[in-house]
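Read-outs throughout are calculated quantities, based only on the coordinates presented, and are distinct from any laboratory measurement. Keep in mind the model is a prediction, meaning the values are calculated, not measured. Cβ coordinates were reconstructed from backbone atoms using ideal geometry, including for glycine residues, and neighbour counts include every protein chain displayed.
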Amino acid sequence: MKPLTRRRLLIAAALLPAGGAWARVAPPPEVAAELPGARAQGEGQMRFFGLRVYDVRLWAGEPASATTWPTLPLALELEYARELRGTAIAERSLKEMERQAEIAADTGARWLAEMARLFPDVTAGDRITGVHRPGTGARFFVNGRLRGEVLDADFARLFFGIWLSPRTSEPALREALLGPGAR
């Protein structure tokens, strides 16, 4: 199978619009419990130097757009394709959050500690699902089991912005999740 390039991600997003056949996939139990009626809106792969790191799927009760996603309850489900240390996931997450906004050093240290506590070492097939709770924070599940939450709305907005913000480092993946025109 050929790797998903930016072009292939855009083609996949165009061919699989919200409400398409893949949108009828049943959500994982943790998403169904947290977001009744949630549907798959988009999906894609994160690759680094051609190596698949994880597959990601956006779940939402109502369609999330480039402008409305910060105000909507939604979930991002990441299924890892390789081994990664939880601390490395946390560190990279903070760097990606810093692309969107300036984060005070003490706030960044607190968020890094929270993520290091929440994100375990993963192996191929492990899933981490984050649930965005607008105005409240985020809840995290590992392989379907609640791992914990961060009760900080700014954290949640910047964390989910890693994938959904216009300032993401992966605009093609953002478009695959939100749909064409999400730029």
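Within the listed set 106, 152, 55, the Gaussian network model of the chain (springs between alpha-carbon atoms below 10 Å) gives the highest mean-square fluctuation for 106.
For a footprinting-style exposure proxy, rank 163, 111, 59 by other Cβ within 10 Å, fewest first.
Going from sparsest to densest Cβ surroundings: 111, 163, 59.
Sorting 54, 80 from the fewest to the most surrounding beta carbons within 10 angstrom yields 80, 54.
In terms of surrounding Cβ atoms within a 10 Å radius of their Cβ, 65, 93, 169 rank from fewest to most as 169, 65, 93.
With springs only between Cα atoms under 10 Å, which of 153, 26, 38 fluctuates most in a Gaussian network model of the chain? Fluctuation is largest for 26. When the Gaussian network model of the chain links Cα atoms closer than 10 Å, the mean-square fluctuations of 25, 131, 56 top out at 25.
How big, on average over all directions, is the shadow cast by the Cα convex hull of region 96-183, in nm²? If you wrap the Cα atoms of region 96-183 in a convex hull and average its projections, you get 6.3 nm². Which of (i) 10, 40, 40, 10, 0; (ii) 8, 36, 39, 15, 1; (iii) 10, 34, 31, 16, 6, 2, 0, 0 is the computed P(r) over Cα pairs in 10 Å bins from 0, in percent for the structure on display? The listed entry that was calculated here is (i).
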